[in-house]
1. Which value, in debye to the nearest 20, gives the size of the charge dipole of the stretch 27-337 about its Cα centre, when Lys and Arg are +1 and Asp and Glu are -1 at the Cβ?
2. With point charges of +1 on the Cβ of Lys and Arg and -1 on the Cβ of Asp and Glu, referenced to the Cα centre of the chain, which listed residue (296, 232, 63) lies farthest in the positive direction of the dipole?
3. Go through 278-291, 155-168 and give me the packing order, highest mean Cβ count within 10 Å leading.
4. Gap in Å between the Cα centre of the stretch 13-42 and the Cα centre of the stretch 132-147?
5. Where the only charges are on Cβ atoms (+1 Lys, Arg; -1 Asp, Glu), what is the dipole of the stretch 75-121 about its Cα centre, to the nearest 20 debye?
6. Can you give the net charge of the other residues whose Cβ lies under 10 Å from the Cβ of residue 133, counting K and R as +1 and D and E as -1?
7. Which of 152, 223 has the fewest other C-beta atoms within 10 Å, and how do the rest follow up to the most?
8. Please state the relative contact order of the stretch 27-337 as a whole percent: Cα pairs under 8 Å, 6+ residues apart?
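Here, each number is a calculation from the coordinates, and none is a lab measurement. For clarity, every value in this text was computed on a predicted model and none was experimentally measured. Every residue, glycine among them, receives a Cβ derived from its backbone with ideal geometry; neighbour counts consider all protein chains shown.
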Amino acid sequence: MSDINAVIFGASGLDLTEAERAFYREANPWGFILFARNISADAEQIKRLVADLRDSVGRNAPVLIDQEGGRVQRIREPLCPRYPSGRDLGDIWRQDPAKGVRAAWLMSRLHAFDLLKLGVNVDCLPVLDVPIEGASDVIGNRAYGKNPEIVTQMGRAAADGLKAGGMLPVMKHMPGHGRAFADSHHDLPVVDTSLEELRAHDFPPFKAMANEVMGMSAHVVLTAVDPDNPATTSRKVIEEIIRGEFGFDGLLLSDDSSMNALKGTLGERARAIASNGVDVVLHCNGAMPEMLDVIAQVKPLAGKTKERADRAEAAFAAPDDSNEADLRAEFAALLPTA
């Protein structure tokens, strides 16, 4: 098998095809990500798929998911309850900050109970974006609030809850997606805000949580830093803002390379991502022709990227001894205050 490559791939369906098994064995991605198309109401199906993904690369590769709550929740009933959105949790904070922080921790700890039993060990949470009025709903109620202090407190609690449950968080979307007026799944958002305002409003949660081991980039142009490239492919944004100003030395993943905010073929996108400072290229949709283009452009884990990946994997810890039923009851009791 080849060296581990700095890429995360999705899969096409509920079970691996033989072509996917062979491709992953040769491509040897650092990790995998699950989406709704990979998930049925059968827990055994999910566990089998996760085990097969890991078996294809012959190691305990990280398996990621977007399990935020609200409208971004890949695994739902009957396998786990429908959880509230980030804004719903922020509403608790706005009535009682201590209860809001506790609710954010509890929901993440419950995510860990749900996910770890299925073999999923990385949750792409917390959302640290701080929206402004009128911005695209791509973030919307996924955010805890429009105040960076609320977002920082809630985001830190959410990350801590995942880690207490034996999982790892991924902060997103660095250096901030909250004032984008376009949905980066479809178009490239361009933000013309001054650096001073970004420092006051958008950057603080990421800077405050710069010691986390993983983060995800934003497909957003910040004209005050680099008017020509979205953060995901901007060496200037990554080196000067994310690595420099924030002090983040964790593993930086791209947002999905198949999103239409990025231009060019999938291979061209992967090359631009990999050559400008992002550590790991994320490709989510499981389309084999695209994955073949991506793998031709990514690099094996080496140097600082390998150090960061190793540090992330070393950060996994055993879950605490929390009682699941007790935490679910406590969480349910907090929700009516929202």
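1. Roughly 380 debye for the stretch 27-337.
2. The residue sitting most towards the positive pole is 63.
3. Per-residue mean Cβ counts within 10 Å order the peptides as 155-168, 278-291.
4. Computed from Cα coordinates, the inter-centre distance equals 32 Å.
5. 60
6. Net local charge, residue 133 excluded: +2.
7. 223, 152
8. Details: 611 pairs, mean separation 47.4, N = 311.
Value for the stretch 27-337: 15 percent.
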